[in-house]
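The structure appears below as structure tokens.
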Amino acid sequence: MTLDEIMWKLAELGTEQTKKTFINHGAQGSLFGVKVGDLKKLVKPVKKDQELALALYNTGNSDAMYLAGLSVNPKLMTEETLQDWVKHANWYMHAEYTVARAAAESPYALDLAREWMKSDVEMTAVAGWSTYANYLSITADEKLDLKEIRTLLQQVEATIHKEKNRVRYVMNGFVISVGAYVTALHEEAKKVAEKIGKVHVDVGNTACKVPLAGEYIKKIELRGKIGVKKKTCIC
């Protein structure tokens with residue numbers, strides 16, 4: 001399929017209700033309002049063509065950008081492309097999911113995560129914390145820098161309630177990711193989760209809620225899934 005054909009298909013799949021929902025969640029700019037489930041139906045033809053996937057992101061259309069993230073091969077992406085992606089991620093769906101997941105599976109995961117986490121730009125910082133959290137979910141513990149992760153947990157504990165709105169959300173998610181996927185730091189993550197307590201995030205005109213990190217980790221623990229890694233974080 002060509003870029004034009006994909007864009008026509010996205011236009012057909014979009015609905016005003018889904019578009020309204022995305023806008024309520026913070027979507028900006030061009031979008032058709034395509035459900036993620038419908039986007040996944042287009043992954044197979046796009047996944048065969050890396051240049052097509054990259055072209056979709058460059059359209060600036062929100063639906064096309066998300067499809068790009070589902071279809072792209074992160075191992076083949078350049079650091080420059082990922083930097084361009086984060087620069088154009090104008091709402092959390094792209095920063096937290098599209099960009100972060102691609103970055104987490106790229107050869108530049110940690111370098112980008114560390115850089116982006118320090119950014120004063122909210123969506124860039126969001127992408128950074130989410131990249132690191134996703135990286136933990138797919139990387140064997142023996143390859144992780146436990147000292148660095150412990151330091152980041154301490155940073156979350158000390159600063160989360162002072163951070164920008166969506167950064168608070170992904171910091172909370174980082175604690176959950178450590179507690180769920182890093183066996184050696186599971187107990188430490190639970191202690192941090194208890195100390196930070198409820199994290200307040202403005203989720204706009206939506207019914208979304210911020211999960212309590214301690215409760216979320218406990219549920220995973222009860223299922224016997226602590227330390228069980230994922231094959232991929234792109235979904």
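The values are calculated or read from the model by the stated rules, or taken from the named source; none is laboratory data. Please read all numbers here as calculations on a predicted model, not as lab measurements. Neighbour counts are summed over all protein chains in view; Cβ atoms, including those assigned to glycine, are modelled from backbone coordinates with ideal geometry. Ligands, DNA and RNA are stripped out before the accessible areas are found, and what is left, the full protein with its side chains, is counted by its heavy atoms. Shrake-Rupley method; radii C 1.70, N 1.55, O 1.52, S 1.80 Å.
Screening S119 on (1) touching a residue at least 12 places away in the same chain (Cβ under 8 Å); (2) outside any helix (DSSP H, G or I) shows it passes everything except condition (1). The residue that is nearest to W116 (Cα to Cα), among those in the stretch 50-91 that are in contact (Cβ under 8 Å) with a residue 40 or more places away in the chain, in a loop (DSSP other than H, G, I, E, B) and open to solvent by 20 Å² or more (accessible area, probe 1.4 Å), is N90.
Going by the conditions given, is L136 touching a helix residue (DSSP H, G or I) at 6+ places or on another chain (Cβ under 7 Å) and over 22 Å from V199 (Cα atoms)?
Numbers: touching a helix residue (DSSP H, G or I) at 6+ places or on another chain (Cβ under 7 Å): yes; over 22 Å from V199 (Cα atoms): no.
Spelling it out, it is not the case that L136 is touching a helix residue (DSSP H, G or I) at 6+ places or on another chain (Cβ under 7 Å) and over 22 Å from V199 (Cα atoms).
Every listed requirement among (1) surrounded by fewer than 24 Cβ atoms within 10 Å (Cβ to Cβ); (2) among the hydroxyl-bearing types (S, T, Y); (3) closer than 16 Å to Y108 by Cβ is met by S137 save one, (3).
Output yes when any residue across the stretch 50-69 is at pLDDT 95 or above, closer than 23 Å to E16 by Cα and of a type in the set (D, E), and no when none is. Yes, because at least one residue in the stretch 50-69 is at pLDDT 95 or above, closer than 23 Å to E16 by Cα and of a type in the set (D, E). For the stretch 139-151, a residue qualifies if it is part of a helix (DSSP H, G or I) and touching a residue at least 24 places away in the same chain (Cβ under 8 Å), and the qualifying residues are D141, L146, I149, R150. Within the stretch 1-12, is even one residue open to solvent by less than 10 Å² (accessible area, probe 1.4 Å) and more than 17 Å from the chain's Cα centre (by Cα)? Yes, because at least one residue in the stretch 1-12 is open to solvent by less than 10 Å² (accessible area, probe 1.4 Å) and more than 17 Å from the chain's Cα centre (by Cα). For the stretch 100-109, the condition of being touching a residue at least 40 places away in the same chain (Cβ under 8 Å), surrounded by 22 or more Cβ atoms within 10 Å (Cβ to Cβ), of a type outside the set (A, V, I, L, M, F, W, C) and assigned to a helix (DSSP H, G or I) holds for at least one residue.
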